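The values are calculated or read from the model by the stated rules, or taken from the named source; none is laboratory data. Being a predicted model, the structure only gives us computed values, none of them experimental. Note that each Cβ is placed from the backbone with ideal geometry, even for glycine, and that neighbours are counted across all protein chains shown.
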Amino acid sequence: MLKKAAVMSALAIAVLCLSAISDAQTDPGVQSGSRGTGAALSSVQSDDNAGILAMFNDGQSRFQEVESVSGAGDTGLGPRFNSNSCSSCHAQPAVGGSGAANNPQATFISTGVAPKDSTPYFVTPTGPTVEARFPFYFNRNGSANLNAPNGGVEDLFTVTGRPDAGSCSLTQPSFSAARAANNIIFRIPTATFGSGLIENIDDSTLLSNQAKNLNNRLGISGTFNHNGNDGTISRFGWKAQNKSLHIFSGEAYNVEMGISNLLFTQDRPLPGEEGGGGSGQTGFPSNCLNLSGKGYPEDTMNPGQSGPGVLDDASAFANFMRTLAPPATGPVVLNGSTVPTSSISNGAALFSSIGCAACHNPTPGTTQKSNITGSLSNAAVNAYSDLEIHHMGSGLTDNVAQGGAGGDQFRTAPLWGLGQRIFLLHDGRTTSLITAIRAHNSRGSEASTVEGNYQNLSPSQQQDLLNFLRSL
Amino acid sequence: MVRRRGRVMRWVFRFLVILVGGGVLSYALGQDSTSKNAVRNGGDFSTAADGATPLVKVPEGVILVKGAWSSASDSVTPLPEGGSVSGNAYQNDYFKLRYPLPAGWGQQYEGPPPSDSGRYVLAQLRPEERNRGIRGNILITAQDLFFTPLPAADALQTLTFVKDNLESDYKLEQLPTQTKIAGRSFGFMAYWSPVAQLHWYLLETEIRCHTVEMVISSQDTKLLESLLLGLDKTTLPDEAGLSSGKGGGSVPVCVKDYASSRNVISRVDPVFAETKYNPVPVRIIIDKQGRVKHIHFLSAFDSQTKAISDALGQWRFKPYVVGGQAVEVETGIMFGRVGSAAAARGQPSAIE
């Protein structure tokens with residue numbers, strides 16, 4: 001009897017130990033305490049370069065405007081769009097950030113934003129706010145045409161049936177067919193805090209980092225994406241496909257909200273809607289053009305205004321993002337208790353030692369002298385990114401090429417602000433840091449060895465690393 | 001009268017057929033021209049209701065849309081990235097290297113394609129799932145010395161550079177020193193991370209003008225010692241050595257800068273159809289008559305591959321002579337944008 005009890009006890013202990021091992025690491029999760037994220041750069045707050053604070057405030061206000069198709073107020077939405085406001089996507093943990101916990105796209109049908117559309121199968125109330133792309137065009141039988149790469153954004157919604165959209169009637173892209181053909185990928189919004197600092201790092205600094213970083217024993221060799229117009233290093237977007245914040249905001253205004261502007265001057269049909277993939281289509285029908293009734297571009301400068309009001313929206317957005325302060329680090333709460341600072345500092349050291357910092361460079365450089373405001377001059381950019389593009393392997397590939405980046409190449413995602421991000425990786429497939437780290441290991445990934453180093457750490461070391469990441 | 005009446009009736013019938021048929025046709029046309037909501041197949045739209053043809057799906061987890069990638073002018077000549085793990089060994093025909101894997105180890109995933117700085121991930125080995133009690137990595141890489149961004153001409157210089165530029169996270173355990181692996185000379189150094197308690201052992205030799213590096217890492221130093229001993233079972237070519245790996249024998253001799261003006265008799269520059277901004281490192285094998293026999297693009301877009309192939313096919317070199325005999329020679333040329341680090345070291349460039 002005693003012997004049996006001893007065996008049972010041993011078994012119970014073994015089970016407990018196994019349980020402890022499997023639960024040994026916990027992602028502390030999204031840190032809810034305020035870290036002051038979303039504020040202006042300190043020099044902007046003190047109006048260094050008189051008028052810059054007014055410009056920030058104006059841009060922040062416009063960033064939150066809800067656009068209509070026509071009528072009074074802010075117009076130009078559509079005919080196709082993913083959302084009707086910048087801040088509806090860039091919301092977490094503050095205006096300018098990444099996707100929020102509650103996806104506004106899930107309400108667009110019921111609230112009349114897109115009254116005649118259907119909510120795409122992948123849009124859920126608590127899922128990530130997304131844009132969708134079809135890597136390949138369809139053949140006429142619904143197959144993916146693997147010889148015809150597409151990759152352009154397939155806007156989720158149309159203005160069909162809105163009272164301010166006249167007779168314009170459009171069909172949503174074939175999302176269900178795309179799912180059936182496994183021909184759909186997603187992207188989530190990137191956070192824009194501190195982006196003015198990223199914009200103001202000189203190319204020579206990045207090139208010097210790259211040369212230095214090639215001396216690693218991790219199998220990592222990144223490269224840069226370049227702007228096709230002038231050949232300089234581009235740095236915004238999931239594949240570093242956008243050169244500047246002006247380009248970034250102008251493109252998003254056009255692609256995500258359907259609003260033509262001074263940088264992208266025409267309404268944008270879907271890739272196949274203007275003949276891509278041999279569809280034979282020739283763009284929007286005439287009753288879907290100039291829906292605002294104001295002519296093109298729908299967003300333009302306002303010469304009759306004074307102060308920041310003279311700017312076009314796309315410029316105001318860019319100025320707002322450019323002058324947003326970088327995210328501050330903060331304490332980490334895990335299971336209701338504040339994590340000791342020693343754990344976070346140990347995690348920071350581990351992050352560097354095992355090779356994460358080879359790509360997620362804590363400080364890729366200091367900015368050049370800025371002609372905008374003092375805080376953008378000679379400032380350390382603690383972005384945790386080398387701004388290079390790297391092969392991330394078959395597990396993360398989205399088979400979308402952008403500029404010089406191929407289907408499996410992504411910009412090293414800046415990790416500043418990670419502590420308060422909800423959805424992770426380019427498509428928001430996970431909310432778990434542990435899953436995101438594991439996803440770095442797949443066929444053809446440059447990060448497999450570093451992921452292996454992470455797996456070689458002890459459970460407590462791994463926990464320190466996770467705690468550190470949520471402190472960012 | 002009856003006959004005439006019948007003829008009239010036939011005309012009336014024909015007229016009705018035309019009328020009704022035309023009406024149906026115009027109705028159909030009208031539907032087509034006015035129904036803007038109808039889903040059209042092709043482009044971004046599909047009803048996917050054909051049913052007659054099997055649906056072609058995008059294969060899961062396959063990189064189909066590639067950026068700059070590696071390729072070669074033929075599929076027969078071995079390539080540095082062409083090695084693989086099979087039969088419990090890593091085998092590479094280009095380097096004539098065979099490494100029997102330790103028991104319980106395997107390659108879960110192949111590495112990335114060669115980089116535009118000439119770096120290869122040849123194999124990345126881990127304990128297999130069933131063997132999770134063991135924790136460590138074995139990484140086998142190669143660096144093309146024609147395109148290296150490091151100021152190092154051979155394996156020992158490379159290790160010395162690593163030692164001199166070791167990141168502050170690490171402490172040296174073993175200064176670069178010479179050792180023998182499977183009878184060939186290697187450089188060896190070791191360092192560790194006090195915070196991660198991870199140790200790295202680096203072993204480096206030179207084959208065909210590449211440094212070939214084996215990086216073993218683990219928290220378990222006994223495991224490292226065991227893995228180190230296991231390396232002695234590696235098969236290597238005769239040329240392998242700290243600074244001796246310059247090809248020859250059954251493979252071409254490798255010579256840096258052979259594509260310089262003193263050896264090129266005639267050359268045609270590639271005409272690129274579009275502007276790209278990437279470095280395009282290219283290794284070529286020149287035959288005994290001075291013609292380009294084989295082209296290996298380490299990293300190039302398809303359009304660059306075509307333009308460079310067309311051009312190199314027209315280049316003529318002085319035959320490379322050893323001991324009075326012409327022999328095949330392997331060299332490197334950098335097309336496109338030369339990386340900043342490489343440019344600073346005066347790497348061979350097609351743009352002279």
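In the set B:Pro100, B:Pro80, only one residue is modelled with pLDDT of 95 or more and either within 21 Å of the chain's Cα centre (by Cα) or under 17 Å from B:Ile207 (Cβ atoms) (or both); that residue is B:Pro80. When the residues of the range A:196-229 are filtered to those that are of a type in the set (Ser, Thr, Tyr) and under 23 Å from A:Ile372 (Cβ atoms), the one that is surrounded by the most Cβ atoms within 10 Å (Cβ to Cβ) is A:Thr205. Name every residue in the range A:369-418 that is hydroxyl-bearing (Ser, Thr, Tyr) and not in a loop (DSSP other than H, G, I, E, B), in order of residue number. Passing the criteria: only A:Ser375. Any residue in the range B:143-154 that is modelled with pLDDT of 95 or more and of a type in the set (Gly, Ala, Ser)? Looking through the range B:143-154, none of the residues is modelled with pLDDT of 95 or more and of a type in the set (Gly, Ala, Ser).
Only one entry of A:Asn229, A:Asn209, A:Asn216 meets the criterion of being of a type outside the set (A, V, I, L, M, F, W, C), over 16 Å from the mean Cα position of the chain (by Cα), part of a loop (DSSP other than H, G, I, E, B) and closer than 29 Å to B:Tyr170 by Cβ, and that entry is A:Asn216. Can you tell me which residue is nearest to the other protein chains (Cβ to nearest Cβ) among those in the range B:150-207 that are in a loop (DSSP other than H, G, I, E, B) and of a type in the set (D, E, K, R)? The qualifying residue nearest to the other protein chains (Cβ to nearest Cβ) is B:Asp169. Across the range A:230-261, the qualifying residues are those that are more than 16 Å from A:Ala314 (Cβ to Cβ) and charged (D, E, K, R), and the one among them that is surrounded by the most Cβ atoms within 10 Å (Cβ to Cβ) is A:Arg235. Counting only residues that are without any contact (Cβ under 8 Å) to a residue 24 or more places away in the chain and of a type in the set (Lys, Arg), which one in the range B:108-134 is farthest from the other protein chains (Cβ to nearest Cβ)? It comes out as B:Arg132.
Results for (1) closer than 30 Å to B:Leu159 by Cα; (2) not charged (D, E, K, R), shown as yes or no for each residue.
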position	(1), (2)
B:Arg208	yes, no
B:Ile216	yes, yes
B:Leu242	yes, yes
B:Lys246	yes, no
B:Arg267	no, no
B:Thr275	no, yes
B:Gly290	no, yes
B:Asp302	no, no
B:Ile308	no, yes
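Every residue, every condition in (1) more than 10 Å from chain B (Cβ to nearest Cβ); (2) in contact with a Pro (Cβ under 8 Å, 6 or more places away or on another chain); (3) hydroxyl-bearing (Ser, Thr, Tyr), yes or no:
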residue	(1), (2), (3)
A:Ile188	yes, yes, no
A:Gly194	yes, yes, no
A:Thr205	yes, yes, yes
A:His226	no, no, no
A:Thr232	no, no, yes
A:Ile247	yes, no, no
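Quick one: would you say A:Gln368 is surrounded by fewer than 22 Cβ atoms within 10 Å (Cβ to Cβ) and within 14 Å of chain B (Cβ to nearest Cβ)? In short, no.
Which residues, counting only those in the range B:212-240, are in contact with a Leu (Cβ under 9 Å, 6 or more places away or on another chain), of a type outside the set (Val, Ile, Thr) and within 13 Å of chain A (Cβ to nearest Cβ)? Selection gives B:Glu213, B:Met214, B:Ser217, B:Ser218, B:Gln219. Annotation: of all residues in the range B:136-149 being within 8 Å of chain A (Cβ to nearest Cβ) and outside any loop (DSSP other than H, G, I, E, B), the one that is nearest to B:Gly118 (Cα to Cα) is B:Thr141. Would you say A:Asn319 is surrounded by 14 or more Cβ atoms within 10 Å (Cβ to Cβ), among the polar types (S, T, N, Q) and part of a loop (DSSP other than H, G, I, E, B)? Considered against the rule, which asks whether it is surrounded by 14 or more Cβ atoms within 10 Å (Cβ to Cβ), among the polar types (S, T, N, Q) and part of a loop (DSSP other than H, G, I, E, B), A:Asn319 comes out as no. Scanning the range A:420-472 for residues that are surrounded by fewer than 22 Cβ atoms within 10 Å (Cβ to Cβ), within 14 Å of chain B (Cβ to nearest Cβ), without any contact (Cβ under 8 Å) to a residue 12 or more places away in the chain and in a helix (DSSP H, G or I) returns a single hit, A:Gln455.
One residue is enough: does the range A:150-161 have a residue meeting the conditions in contact with a Cys (Cβ under 7 Å, 6 or more places away or on another chain), away from chain B (no Cβ under 11 Å) and more than 19 Å from A:Trp238 (Cα to Cα)? Spell out how you get there, then give the answer.
Let us first name the residues in the range A:150-161 that are in contact with a Cys (Cβ under 7 Å, 6 or more places away or on another chain), namely A:159-160.
Now drop any that are not away from chain B (no Cβ under 11 Å), which leaves A:159.
Subset that is more than 19 Å from A:Trp238 (Cα to Cα): A:159.
For the range A:150-161, residues in contact with a Cys (Cβ under 7 Å, 6 or more places away or on another chain), away from chain B (no Cβ under 11 Å) and more than 19 Å from A:Trp238 (Cα to Cα): present.
Suppose we filter A:Val95, A:Val113, A:Val123 for residues that are of a type in the set (A, V, I, L, M), closer than 25 Å to A:Val400 by Cα and more than 14 Å from chain B (Cβ to nearest Cβ); which single one remains? Can you show your working first?
Working: A:Val95 fails: closer than 25 Å to A:Val400 by Cα; A:Val113 fails: closer than 25 Å to A:Val400 by Cα.
Answer to the check: A:Val123.
So, A:Ser471, is that one hydroxyl-bearing (Ser, Thr, Tyr) and over 24 Å from A:Val381 (Cα atoms) or not?
No.
Candidates B:Pro151, B:Pro194: the one that is surrounded by fewer than 21 Cβ atoms within 10 Å (Cβ to Cβ) and in contact with a strand residue (DSSP E or B) (Cβ under 7 Å, 6 or more places away or on another chain) is B:Pro194. When A:Ala144 is tested against (1) surrounded by 19 or more Cβ atoms within 10 Å (Cβ to Cβ); (2) aliphatic (A, V, I, L, M); (3) more than 8 Å from chain B (Cβ to nearest Cβ), exactly one condition is not met: (3).
When the residues of the range A:162-173 are filtered to those that are among the small types (Gly, Ala, Ser) and more than 8 Å from every other protein chain (Cβ to nearest Cβ), which remaining residue is nearest to A:Val66 (Cα to Cα)? I'd like the intermediate steps shown before the answer.
Step one: of the range A:162-173, the residues among the small types (Gly, Ala, Ser) are A:165-167, A:169.
Still in the running and more than 8 Å from every other protein chain (Cβ to nearest Cβ): A:165-167.
On the way: A:Ala165: 15, A:Gly166: 19, A:Ser167: 22 Å.
Of everything passing the filter in the range A:162-173, A:Ala165 is nearest to A:Val66 (Cα to Cα).
Contact map, the range A:260-279: first residue within 19 Å of A:Cys168 (Cα to Cα), second residue hydrophobic (A, V, I, L, M, F, W, C) and at pLDDT below 95, Cβ cut-off under 7 Å, separation 6 or more or different chains; pairs are A:Gly272/B:Phe45.
B:Pro252 meets the conditions (1) in contact with a strand residue (DSSP E or B) (Cβ under 8 Å, 6 or more places away or on another chain); (2) more than 20 Å from B:Asn137 (Cβ to Cβ); (3) not in a strand (DSSP E or B) in every case but one. The failed one is (3).
Looking across the range A:38-64, the residues that are more than 21 Å from A:Met257 (Cβ to Cβ), out of contact with any strand residue (DSSP E or B) (no Cβ under 9 Å at 6 or more places or on another chain) and either at pLDDT below 95 or part of a loop (DSSP other than H, G, I, E, B) (or both) come down to A:Ser46, A:Asp47, A:Asp48, A:Asn49, A:Ala50, A:Gly51. Scanning the range A:322-342 for residues that are out of contact with any Pro (no Cβ under 8 Å at 6 or more places or on another chain) and surrounded by 21 or more Cβ atoms within 10 Å (Cβ to Cβ) returns A:Arg322, A:Thr323, A:Leu324, A:Ala325, A:Pro326, A:Pro327. Scanning the range A:121-132 for residues that are surrounded by 19 or more Cβ atoms within 10 Å (Cβ to Cβ) and in contact with a Lys or Arg (Cβ under 7 Å, 6 or more places away or on another chain) yields a total of 2.
Among the strands (runs of 3 or more DSSP E) lying completely within the range A:108-205, list those that include at least 2 residues that are within 24 Å of A:Leu396 (Cβ to Cβ) and within 22 Å of the chain's Cα centre (by Cα). Can you show your working first?
Details: elements: A:131-133, A:136-138, A:144-149, A:185-187.
Once the strands (runs of 3 or more DSSP E) in the range A:108-205 are filtered for at least 2 residues that are within 24 Å of A:Leu396 (Cβ to Cβ) and within 22 Å of the chain's Cα centre (by Cα), what remains is A:131-133, A:185-187.
Anything in the range A:288-309 that is in a helix (DSSP H, G or I) and either surrounded by 15 or more Cβ atoms within 10 Å (Cβ to Cβ) or aromatic (Phe, Trp, Tyr) (or both)? List them, or say none. If the condition is that a residue be in a helix (DSSP H, G or I) and either surrounded by 15 or more Cβ atoms within 10 Å (Cβ to Cβ) or aromatic (Phe, Trp, Tyr) (or both), then A:Cys288, A:Pro308 are the ones that fit.
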